Amino acid sequence: MRKLAQLAATAGCMVFGWTFGYAQTQDLAATPPMGWSTWNYFHHDISDTLIRAQADAMVSSGMRDAGYVYINIDGGWEGYRDANGVLHPNKDFPDMKALGDYIHSRGLKFGIYSGPGPGTCAGAPASYGYEAQDARMFASWGVDFVKYDLCSFREIMAKESGADPDLEVQPKMNINFAQVMAQQPAAVVEKSDEIMKAAYEKMHQAILASGRPMMYSLCQYGYAKVWQWGPKVGGNLWRTSSDVSDNYASVTENGFREAGLARYAGPGHWNDPDILEVGNGKMSGDESRTNFSLWAILAAPLIAGNDLANMTAETKSILLNKEVIAVDQDPLGKQGDRAYGEGPLQVWTKPLSGGDLAVALFNGIDSPTKMTLRLADVGWHGSADARDLWAHKDIGAIGEDYSVMVPGHGVTMLRLSHARHE
Ligand code: GAL
């Protein structure tokens with residue numbers, strides 16, 4: 001009898017645990033998260049004052065109302081860990097709870113950054129050994145989003161997997177991890193991967209135990225095919241590649257490398273090609289529209305990475321393009337994929353609710369090029385009513401194909417609907 005009761009209790013726990021875990025993932029990110037991060041533009045040059053000003057700009061620019069709600073503080077907020085294990089922000093962040101309250105008062109959500117290692121990429125304290133304590137503290141500040149960056153944890157992986165057993169682990173990474181692991185037998189690499197997965201699961205459990213739902217953003221640069229196990233460790237989003245930078249080659253490298261990964265994304269869990277570079281100054285308008293369109297086709301998190309308080313009209317017109325945002329945020333929650341490619345010319349599609357299809361024609365050549373959408377090659381039967389999502393105008397019916405001059409490094413993005421007469 002007692003055995004039976006024990007069994008029932010275990011089963012109950014399992015069902016409860018599963019339901020709880022599910023709530024952590026699915027409800028928080030039914031569509032890809034939208035927001036803003038300090039990292040791409042401000043790097044470590046951040047403060048309470050800056051964050052409040054950016055939150056204000058998020059509201060006054062209309063971005064909040066377009067769906068951008070997360071205000072994510074990336075690396076650079078940390079101070080020191082005291083003798084009781086309490087992690088203190090640095091002097092530029094005098095009161096995190098008050099900052100969280102301010103962010104919430106503007107109808108926005110509060111994101112923070114840490115990692116599984118002893119140190120962040122900049123060598124500031126991270127959560128190794130203090131996961132539960134940090135998660136509780138984040139919850140007490142009102143944090144809604146945690147980005148968890150691998151950084152120095154790679155040294156623990158190298159040491160504990162046996163790749164480099166004598167390594168002295170430092171808060172600041174001082175080994176070339178890729179080089180160390182490249183010389184290891186498969187069993188060691190596998191062990192190292194398992195240690196990494198366990199570390200992400202540990203923070204997942206700590207977040208659950210804190211009692212506050214927090215979006216969980218895995219940042220480990222796509223190691224060990226994270227898309228295959230990200231949801232199992234509670235990830236709502238996971239980086240699929242290394243850091244993006246403000247140029248066409250980088251954004252297209254990070255975006256296009258997600259070809260074939262669509263099946264791993266869906267409501268609650270998304271592939272993340274990194275923060276947007278729109279508005280950071282080094283890309284042309286066409287290149288920036290490529291960045292935004294590609295992210296939308298990929299159902300990627302739309303986390304702006306620019307200075308929201310100083311946006312040109314063109315930057316605003318991109319970040320606030322509601323028709324492209326609707327492609328990203330489509331309730332069907334399906335990531336798009338490459339339909340066909342001819343050298344630097346690629347056609348990508350994303351299925352949308354109601355039987356619509358988003359199509360993006362990307363011109364990788366640095367001069368205007370004629371591109372042709374062939375409906376049969378994107379799996380479309382019959383004719384289509386098409387709308388140009390950057391020109392904001394209806395094109396009319398497309399029979400079999402549609403040719404268009406696409407600007408250099410630019411994109412033409414269409415939404416196809418079934419023709420009304422059909
Ligand atoms: C990198 C991470 C970036 C940013 C940076 C902060 O590891 O990929 O997105 O968080 O650390 O130092």
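Some notes on this structure:
- Accessible surface of the range 121-193, 1.4 Å probe, proportion on carbon and sulfur as whole %: 50 percent
- Among Ile51, Ile112, Ile365, residue whose mean-square fluctuation peaks in a GNM of the chain (springs only between Cα atoms under 10 Å): Ile365
- Residues of the range 118-173: accessible area per residue with a 1.4 Å probe, Å²: 36 Å²
- With the cut-off at under 20 Å, measuring from each backbone N in the range 114-137 to a point 7 Å along the Cα-to-Cβ line of Ala209 picks out 114-119, 126-137.
- Local electrostatic count, Ala386, Cβ distance below 12 Å [Lys/Arg +1, Asp/Glu -1]: -2
- Only beta bridges with both residues in the range 23-117 are counted; by DSSP, about 25 percent of them are antiparallel.
- Stretching Asp82 away from Ser245 to a fully extended chain increases their span by 55.2 nm, per 0.36 nm per residue minus the current alpha-carbon distance.
- With protein chains left intact and a 1.4 Å probe, residues in the range 216-296 average 29 Å² of accessible area per residue.
- Choice from Ala29, Ala98, Ala391 with maximal GNM fluctuation in the chain (Cα, 10 Å cutoff): Ala391
- Pairwise Cα distances in the chain exceed 34 Å for 34 percent of all pairs.
- DSSP bridge pairs, the range 93-240: antiparallel proportion in percent, nearest 5: 10 percent
- The spacing between the range 31-59 and the range 172-195, judged by their C-alpha centroids, is 34 Å.
- From the alpha carbon centroid of the range 359-384 to that of the range 200-238 is 36 Å.
- Computed about the Cα centre, the dipole magnitude for the range 291-334 is approximately 60 debye when only Lys and Arg (+1) and Asp and Glu (-1) carry charge, each at its Cβ.
- Net charge contributed by nearby residues that have their C-beta within less than 9 Å of Gly111 (K/R +1, D/E -1): 0
- For the chain, the mean residue ellipticity at 222 nm estimated from helices alone is -10000 deg cm²/dmol, where every DSSP H run of n ≥ 4 contributes -39500 (n - 2.57) and the total is divided by all residues, rounded to the nearest 500.
- Portion, in percent, of the accessible area of the range 291-358 that falls on carbon or sulfur, probe 1.4 Å: 53 percent
The values are calculated or read from the model by the stated rules, or taken from the named source; none is laboratory data. These numbers come from a predicted model, not from an experiment. Every residue, glycine among them, receives a Cβ derived from its backbone with ideal geometry; neighbour counts consider all protein chains shown. Note: accessible area is taken over every heavy atom of the protein model, side chains too, but ligands, DNA and RNA are not part of it. Shrake-Rupley method; radii C 1.70, N 1.55, O 1.52, S 1.80 Å.
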